[in-house]
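The values are calculated or read from the model by the stated rules, or taken from the named source; none is laboratory data. Nothing here was measured: the structure is a model prediction, and the numbers come from that model. Positions of Cβ are generated from backbone atoms using ideal geometry, with glycine treated the same way; all protein chains shown enter the neighbour counts.
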Amino acid sequence: MLDIENIRYKTIKLSCESKAGHLAPSLSCLEILTILFNDYLNYNQNDAKDETRDRLIFSKGHGAYSYYVILNELGFLPNNELENFYKGSSIKGCLTQNLDYMIEASTGSLGHGLPIAVGMAQAFKMQNMENKVICIVGDGEMQEGSNFEALNIASKYKLDNLLVIIDANNLQAMSQVSDVGLSNPQLSSILNAYPCSFSEIDGHNVDKLKESYNNFFNNKNYDFSILFCNTIKGKGISFMENSIKHHYRCPTEDGFVLKENNE
């Protein structure tokens with residue numbers, strides 16, 4: 001059973017020990033990922049390539065540190081890959097497909113993950129397969145037109161096996177999302193207009209995440225689903241929370257010292 005605080009500690013540790021940036025976007029989706037893997041995503045812990053597995057497409061591929069930690073905790077990602085992160089490891093700052101590790105797609109370029117997820121979901125439907133597809137997208141990433149083209153296809157073909165999760169932390173690389181494109185309330189209203197199952201929650205609230213996941217995974221769906229998660233970038237490190245400058249900044253640059261997990 002994955003523990004949220006343990007995953008948070010190891011995610012921060014991964015950044016601090018490797019001096020790698022992109023910790024803040026990795027912390028905003030930590031609960032989203034942990035609850036998903038703990039209780040809902042269908043996978044075979046003994047076979048990363050099991051054809052019956054659900055597919056998780058992590059589209060905001062730069063914020064993957066908590067995802068790496070979870071894959072390691074579950075035994076998919078070897079210890080040496082984390083130990084050598086940014087020191088010759090095969091895993092990178094942005095996700096690179098590795099099916100042996102159950103990393104389903106390369107998603108360093110934003111706006112690619114959701115179209116891939118839609119294609120997978122449609123392929124499963126065409127083959128009458130039960131697999132579900134979950135795609136985690138950043139709110140800044142939703143400025144990419146390719147995502148809305150993908151949503152139009154998801155709607156046209158009623159991809160009831162597709163869940164799109166928006167990690168809405170209000171920030172992107174060097175500014176607030178509202179300084180560049182739509183504010184998140186505006187984005188939420190637009191997405192809610194699609195003929196889909198739409199819900200908006202606190203993305204750090206475990207009970208709300210479980211309720212929303214249960215609606216998708218355990219109930220009959222009639223169209224695709226969107227879960228709009230309001231989150232805090234840098235969640236868990238006070239000076240990083242909602243900080244624009246910490247999009248790509250290791251907390252050790254500010255004198256942060258990580259305490260042992262049991263302190």
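I'm trying to understand the selection: among the residues of the stretch 26-35, which are in contact (Cβ under 8 Å) with a residue 60 or more places away in the chain, crowded, with 23+ Cβ neighbours inside 10 Å and out of contact with any strand residue (DSSP E or B) (no Cβ under 7 Å at 6 or more places or on another chain)? The answer is Leu27, Leu30, Glu31, Leu33.
Number of residues in the stretch 52-94 that are in a loop (DSSP other than H, G, I, E, B) and either small (Gly, Ala, Ser) or at positive phi (or both) equals 8.
Within the set Phe228, Phe239, the sole residue that is among the aromatic types (Phe, Trp, Tyr), touching a helix residue (DSSP H, G or I) at 6+ places or on another chain (Cβ under 9 Å), buried (at least 19 other Cβ atoms within 10 Å of the Cβ) and modelled with pLDDT of 95 or more turns out to be Phe228. Screening the candidates Pro195, Pro251 for the property of being of a type outside the set (Val, Ile, Thr) and crowded, with 18+ Cβ neighbours inside 10 Å yields one hit, Pro251.
Among residues of the stretch 76-93 that are without any contact (Cβ under 8 Å) to a residue 12 or more places away in the chain, those with a beta-carbon under 8 Å from a residue that is among the polar types (S, T, N, Q) and in a loop (DSSP other than H, G, I, E, B) at least six positions away or on a different chain give the pairs Asn80/Ser89; Glu83/Ser89; Ser90/Thr96. Of the residues in the stretch 146-161, none is under 21 Å from Asn44 (Cβ atoms), in a helix (DSSP H, G or I), small (Gly, Ala, Ser) and more than 15 Å from the chain's Cα centre (by Cα). Scanning the stretch 40-50 for residues that are surrounded by fewer than 20 Cβ atoms within 10 Å (Cβ to Cβ) and touching a residue at least 12 places away in the same chain (Cβ under 8 Å) turns up Tyr40, Leu41, Asn42, Tyr43, Gln45, Lys49. Going by the structure shown, is Ala173 under 30 Å from Met126 (Cβ atoms) and among the small types (Gly, Ala, Ser)? Judged against the criteria, Ala173 is not a match. In the stretch 1-51, how many residues are in a helix (DSSP H, G or I) and either on the phi > 0 side of the Ramachandran plot or among the small types (Gly, Ala, Ser) (or both)? Residues in the stretch 1-51 being in a helix (DSSP H, G or I) and either on the phi > 0 side of the Ramachandran plot or among the small types (Gly, Ala, Ser) (or both): 4 in total. Scanning the stretch 171-198 for residues that are farther than 22 Å from Asn215 by Cα, hydroxyl-bearing (Ser, Thr, Tyr) and without any contact (Cβ under 8 Å) to a residue 60 or more places away in the chain returns Ser178, Ser183.
In the stretch 114-135, is there at least one residue being at pLDDT 95 or above, of a type in the set (Asp, Glu) and assigned to a loop (DSSP other than H, G, I, E, B)?
Residues of the stretch 114-135 at pLDDT 95 or above: 114-135.
Then drop every residue that is not of a type in the set (Asp, Glu), which leaves 130.
Subset that is assigned to a loop (DSSP other than H, G, I, E, B): 130.
Checking the stretch 114-135: at least one residue is at pLDDT 95 or above, of a type in the set (Asp, Glu) and assigned to a loop (DSSP other than H, G, I, E, B).
When the test is whether a residue is in contact with a Ser or Thr (Cβ under 9 Å, 6 or more places away or on another chain), surrounded by fewer than 23 Cβ atoms within 10 Å (Cβ to Cβ) and at pLDDT 95 or above, Glu81 passes it.
With respect to the conditions (1) in contact with a helix residue (DSSP H, G or I) (Cβ under 7 Å, 6 or more places away or on another chain); (2) closer than 25 Å to Ser26 by Cα, Ser188 falls short on a single one, namely (1). Scanning the stretch 59-78 for residues that are among the aromatic types (Phe, Trp, Tyr) and buried (at least 22 other Cβ atoms within 10 Å of the Cβ) turns up Tyr65, Tyr67, Tyr68. Pairs linking a residue in the stretch 199-215 that is on the phi < 0 side of the Ramachandran plot and surrounded by 15 or more Cβ atoms within 10 Å (Cβ to Cβ) to a residue that is assigned to a helix (DSSP H, G or I) and among the basic types (Lys, Arg), with Cβ atoms under 7 Å and 6 or more positions apart or on different chains, are Ile201/Lys208.
Residues that are basic (Lys, Arg) and not in a loop (DSSP other than H, G, I, E, B) were ranked within the stretch 210-245; the one that is nearest to Asn152 (Cα to Cα) is Lys210.
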